[in-house]
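Structure, as structure tokens:
Nothing in this text is a laboratory measurement; each read-out follows from the coordinates by a stated rule. Bear in mind that the values here come from a model prediction, so they are computed numbers and not experimental data. Cβ atoms come from the backbone with ideal geometry, glycine included; neighbour counts cover every protein chain shown.
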Amino acid sequence: MLITGASRGIGRALARAFAGPDRALFLTARSADLLASLARDLASHGTSVHWLAGDLRDPAFVAQLARQVLDTVGPPQIAVLNAGIARVGPLERLSLEDFNDLVAVNLRAPFLLTRELLPHLRAGATLVYIGSIAAKEAFSHWSLYCATKFGLRGMVTALREEVRGRGIRVILVNPGPVATPLWETIGMQADPRRMLTPEDVARVVVKVATEPAHVSVDEIDLLPQQGLV
Ligand SMILES: NC(=O)c1ccc[n+]([C@@H]2O[C@H](COP(=O)([O-])OP(=O)(O)OC[C@H]3O[C@@H](n4cnc5c(N)ncnc54)[C@H](OP(=O)(O)O)[C@@H]3O)[C@@H](O)[C@H]2O)c1
């Protein structure tokens, strides 16, 4: 199986949650050092782990990643397209670079990677996309992030209908706030007491992705019990 954004946060928790002696994981992110140490750790507990470091903003890397996944572990039975970034602030202070980066990581990379993998997927395969509650609800100062996540939700919802007949499941998981390093990247203080943990998200993803093939949890919102703060 494939997990993007596996070096930290939700992706790292996903790698740990999916690990097991009968699983072959393929992990990717930019941070080679973090991927290598995670892979070593998981392999020492019996999981077969491959990884490739690179930047999902680069379409050539996305193509190389897909080729390498197919060559090493074969068409994934489960792929979790999790990598994502945020930039926040009043719209007039967001830059063209912010726009390009968010679109490239949150929307274009899932499109390109899906397009590369899809012809090879067999019936029973499951594609999981990590959206956000900001894919359905708009928040002040999160305009670009909402734009990419609303876009991702639109793409994924259409894709689900396209591939239903092929027996391929498309699942969108929309977490509310999760205590991950993402909050540091946007200079915001995360209050972990009002947030989900990465392990909460990973547990739910494992559950929905491993339901029997005739069951599809199409979309799921996952919030802290206390709601959004
Ligand atoms: N945290 C939240 O509150 C929250 C809530 C709802 C949805 N989400 C979504 O959940 C997903 C994971 O977020 P997270 O909170 O776990 O964030 P995170 O802790 O910042 O982790 C993001 C992951 O994406 C990878 N990544 C970022 N830019 C990349 C690039 N250009 N190329 C390749 N990989 C890249 C990072 O690895 P490298 O830095 O090593 O490249 C890292 O592994 C995202 O899609 C996010 O939008 C998060």
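When each of Leu35, Leu228 is scored by the number of other beta-carbon atoms lying within 10 Å, the sequence from fewest to most is Leu228, Leu35.
Treating r as the C-beta distance of Met188 and His120 and R0 as 41 Å, the FRET efficiency rounds to 0.55. Of the residues Trp142, Pro76, Ala15, the one whose Cα sits farthest towards the positive end of the charge dipole of the chain is Pro76 (charges of +1 on Lys and Arg Cβ, -1 on Asp and Glu Cβ, taken about the Cα centre). Counted over the range 2-222 with a bin width of 10 Å, the fraction of Cα pairs per bin, in whole percents, is 8, 35, 40, 15, 2, 0.
For the chain, modelled as a GNM whose springs connect Cα atoms under 10 angstrom apart, the maximal fluctuation among Glu97, Glu219, Glu162 occurs at Glu97.
Compactness of the range 1-133 is given as radius of gyration and Dmax, 15.0, 50 Å, from Cα positions. The distance from the alpha carbon centre of the range 132-198 to that of the range 16-38 is 22 Å, rounded to a whole number. Fully extending the segment from Ala43 to Val206 would add 56.8 nm, taking 0.36 nm per residue of separation and subtracting the current Cα-Cα distance. By the count of neighbouring beta-carbon atoms within 10 Å, fewest first, Lys136, Lys149 end up ordered Lys136, Lys149. Which residue, Val156, Val103, Val206, tops the fluctuation ranking in a GNM of the chain built on C-alpha contacts under 10 Å? Comparing Val156, Val103, Val206 in the GNM, the peak value goes to Val206.
Among Arg108, Arg203, Arg12, the order by Cβ neighbours within 10 angstrom, fewest to most, reads Arg203, Arg108, Arg12.
Here is how the number arises for the chain: DSSP H runs of 4 or more residues each give -39500 (n - 2.57), the sum is divided by the residue count, and the result at 222 nm is -12000 deg cm²/dmol. Comparing His120, His50, His214 in a Gaussian network model of the chain, where Cα atoms under 10 Å apart are tied by springs, the biggest mean-square fluctuation is seen for His214.
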